[in-house]
1. Quick one: Cys96 ticks every box in (1) assigned to a helix (DSSP H, G or I); (2) under 17 Å from Ser38 (Cβ atoms); (3) of a type outside the set (D, E, K, R) except a single one, so which number is it?
2. How many residues are surrounded by fewer than 15 Cβ atoms within 10 Å (Cβ to Cβ) and among the aliphatic types (A, V, I, L, M) when one looks only at the range 60-98?
3. When only residues in the range 105-127 that are modelled with pLDDT of 85 or more, among the hydrophobic types (A, V, I, L, M, F, W, C) and assigned to a strand (DSSP E or B) count, which is nearest to Lys67 (Cα to Cα)?
4. Taking the stated definitions as given, is Pro106 surrounded by 16 or more Cβ atoms within 10 Å (Cβ to Cβ), within 14 Å of the chain's Cα centre (by Cα) and within 11 Å of Ile126 (Cα to Cα)?
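The values are calculated or read from the model by the stated rules, or taken from the named source; none is laboratory data. Predicted, not measured: the structure shown is a model, and the values here were computed from it. All Cβ positions, glycine included, derive from the backbone under ideal geometry; neighbour counts span all protein chains shown.
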Amino acid sequence: MVNLQAQFNKFHNTIKIDFDDSYIELDKYENLLCQDCSIYKITVSEPSPHFLKSRRQLEIFSYEYRKLLNKIQAKHGKNCKIHILPAVPVSIAVECGRVILPTKDPEIYVCEYYSDQESFQTVLKIN
């Protein structure tokens, strides 16, 4: 695993995907985020690990996620890097990788917070 603080210095484009009932606190990210960074969030009104109940909900997520990737790329350019901080069911995680267009989308990294190290680390490079 690579320490993101060393590799990327500061996150500029971050997507928080939060469908879990645990609250992802922004102060946890404070030392990783630069002053002018962009934070994008995808969530539901009542987060729960059991919220996903139909294929239609997964299709809606896929559509919204793809729209968000397009928006980030339009605003920040193809050479930007995106860091995803997920708290999602497995089917959503798979969908995040499935909708990636390798020749179109920028580099996308999945990150995990390690409280014992008080830092995020890259756990997967998607694109």
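1. If we test Cys96 against (1) assigned to a helix (DSSP H, G or I); (2) under 17 Å from Ser38 (Cβ atoms); (3) of a type outside the set (D, E, K, R), just (2) comes out false.
2. The number of residues fulfilling the criteria is 4.
3. Ile108
4. yes
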